[in-house]
Amino acid sequence: MTEPLLSIRNLDVTFGRGERETRAVDGVSYDVEAGKIVGVVGESGSGKSVTSLAVMGLLPKRGCRTAGEILFDGKNLLGRSDAELSKIRGKEIAMVFQDPMSSLNPVVPVGTQVTEVLRTHEQMSAAAAKDEAGELLKRCGIPDPQRRLKEYPHQLSGGMRQRAMIAIALACKPRLLICDEPTTALDVTIQAQVLELLSELVADLGTAMIMITHDLGVVAGLCDHVNVMYAGRIVESAPRRELFAHPQHRYTQGLLNSIPRLDHPRGAPLRPIPGTPRDTVAWGKACAFAPRCHHVTDECVTGGIELEELSTGHQVRCVHPATRQETQADGSAAVAEEVR
Ligand code: ADP
Ligand code: MG
């Protein structure tokens with residue numbers, strides 16, 4: 001078997017100390033194979049962004065401790081110097097953030113921001129970088145790219161700015177692209193276009209992608225594999241079709257039930273997950289989701305709950321996972337077909 005491009009192993013990220021200690025990421029392990037798309041889904045605060053910042057080496061230097069390994073091409077990125085990481089960042093691993101306005105430099109024309117990356121990492125001449133930047137914007141669906149190159153970020157619409165961010169991220173043909181809620185700040189129609197663009201571009205370039213989102217609908221048509229996170233841990237991990245057809249963790253089921261369904265009568269109420277992420281209890285012996293779970297029993301708060309492989313490639317961290325008969329009867333498979 002070939003080695004995965006990225007292998008996160010037992011990653012812990014802890015902020016603060018003593019009373020204020022927060023374990024933002026707690027023993028997270030997952031792999032990303034070259035050219036594949038992995039989804040990471042969970043409500044706000046579940047540790048999705050902190051995991052990706054750890055991969056990029058962008059966690060704050062102070063008040064933050066890490067443990068575990070992040071192997072990229074078999075080499076551990078955790079604990080490397082900024083100088084070493086800056087050779088990898090942008091060139092081998094690139095990132096697209098939720099809010100392009102805060103990641104683009106507001107006082108530098110968009111074109112310069114694209115050419116800068118090409119000149120730094122690819123040692124291109126100014127003229128070659130300019131041509132390439134124009135090509136990139138065009139590929140990212142930005143009309144009239146030569147004019148756009150001279151404009152500043154505030155002159156572009158939200159959707160165009162996100163396209164410019166994608167152009168910058170893909171400028172050096174990275175082997176891994178991490179997208180952190182790339183469409184959350186966009187209108188629904190633009191969201192779909194940007195997702196389509198991303199999936200086309202990564203397929204063309206053979207780039208692997210991690211798609212981070214709070215919205216299972218986003219990963220439905222896109223990802224090869226999905227990891228569901230809750231309170232810093234992976235609670236379910238499965239190939240995409242398997243996950244949508246047989247969601248076995250009660251939290252994953254809750255996320256699916258809160259997506260509007262075409263096969264339900266109009267006006268039928270959505271079934272949101274009760275409570276909020278604040279109702280979480282600390283992992284330890286208890287399941288952190290127990291206070292919000294309809295299936296909770298005493299064992300859920302005394303058991304000690306490991307991620308277990310229930311069928312090939314499908315892992316679940318739950319004392320009372322749904323059976324396959326149950327998921328079939330629940331008709332979750334219909335969602336799988338519909339959200340595609
Ligand atoms: P999300 O899944 O929404 O991306 P994050 O990964 O951003 O969640 O955050 C996970 C947890 O880590 C949250 O409880 C958050 O408050 C905490 N956290 C994130 N960054 C910091 C920080 N710089 N200092 C302290 N706590 C942080
Ligand atoms: Mg986040």
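Can you give the percent of C-alpha pairs in the stretch 22-103 whose distance is more than 19 Å? For the stretch 22-103, the fraction of Cα-Cα distances above 19 Å is 41 percent.
The protection proxy used here, the mean number of other Cβ atoms lying within 10 Å of each residue, ranks peptides 168-181, 128-141 as follows, highest first: 168-181, 128-141. A simple charge model with +1 on the Cβ of Lys and Arg, -1 on the Cβ of Asp and Glu and nothing else charged puts the dipole of the stretch 23-135 at about 480 debye relative to its Cα centre. Distances between placed amide hydrogens fall under 5 Å for VAL235 paired with VAL228, MET229, TYR230, all partners being 5 or more residues away or on another chain. For the stretch 50-161, the share of alpha carbon pairs falling in successive 10 Å distance bins from zero is 12, 37, 30, 18, 3 percent.
Note: relative contact order over the stretch 1-76, using C-alpha pairs below 8 Å and six or more positions apart, is 46 percent.
Of THR312, ALA185, PHE72, which is farthest on the positive side of the dipole of the chain, counting Cα position, with +1 on Lys and Arg Cβ, -1 on Asp and Glu Cβ, and the Cα centre as origin? Going by the Cα projections, it comes out as ALA185. Relative to the longest principal axis of the Cα atoms of the chain, the long axis of helix 188-205 lies at roughly 70 degrees.
Set the Förster radius R0 to 45 Å, insert the Cβ-Cβ distance between ALA192 and LEU58 as r into 1/(1 + (r/R0)^6), and round the FRET efficiency to 0.05.
On the way: r = 29 Å, r/R0 = 0.64.
Rounded to the nearest 0.05, the efficiency is 0.95.
Considering only alpha-carbon pairs that sit under 8 angstrom and 6 or more positions apart, the relative contact order computed for the chain is 19 percent. Using the empirical formula 2.2 N^0.38 Å as the baseline, the Cα radius of gyration of the stretch 179-295 reaches a ratio of 1.17.
Axis angle, to the nearest 10 degrees, between helix 110-122 and the longest C-alpha principal axis of the chain: 90 degrees.
The relative contact order of the stretch 195-330 comes to 24 percent, based on Cα pairs under 8 Å that sit 6 or more residues apart. Note on the chain: Lys pairs 8 or more places apart or on different chains, Cα atoms under 24 Å apart, count 29.
Residues whose amide H lies under 5 Å from that of VAL25, counting only those 5 or more places away or on a different chain, are VAL13; hydrogens are built 1.01 Å from N in the peptide plane. Dividing the summed -39500 (n - 2.57) terms of all DSSP H runs of n ≥ 4 by the residue count of the chain sets its mean residue ellipticity at 222 nm at -10000 deg cm²/dmol.
Label SER258 and GLN328 with points 7 Å out from Cα along Cα→Cβ: what is the distance between them in nm? Simple spin-label model gives 3.0 nm for this pair.
From the C-alpha coordinates alone, can you work out the Kirkwood hydrodynamic radius of the stretch 109-235, in Å? It would help to have the intermediate numbers written out before the result.
On the way: mean 1/r = 0.0647 Å⁻¹.
Taking every pair of different Cα atoms in the stretch 109-235, averaging 1/r and inverting gives 15.5 Å.
Among the GluC sites (Glu not before Pro) within the stretch 15-95, which fall in a DSSP loop and have no more than 11 other Cβ atoms within 10 Å of their own Cβ? Listed in order of number, the matching sites are GLU21.
Hey, what D do you get for the chain in µm²/s if you plug the Kirkwood alpha-carbon radius into Stokes-Einstein at 10 °C and 1.306 mPa s?
75 µm²/s
Modelled spin-label separation between GLU309 and LEU205, with each label point placed 7 Å from Cα along the Cα-to-Cβ direction: 3.3 nm.
Just so you know, all these numbers are worked out from the coordinates, no wet-lab data involved. These figures come from a predicted structure and were not determined experimentally. Cβ atoms come from the backbone with ideal geometry, glycine included; neighbour counts cover every protein chain shown.
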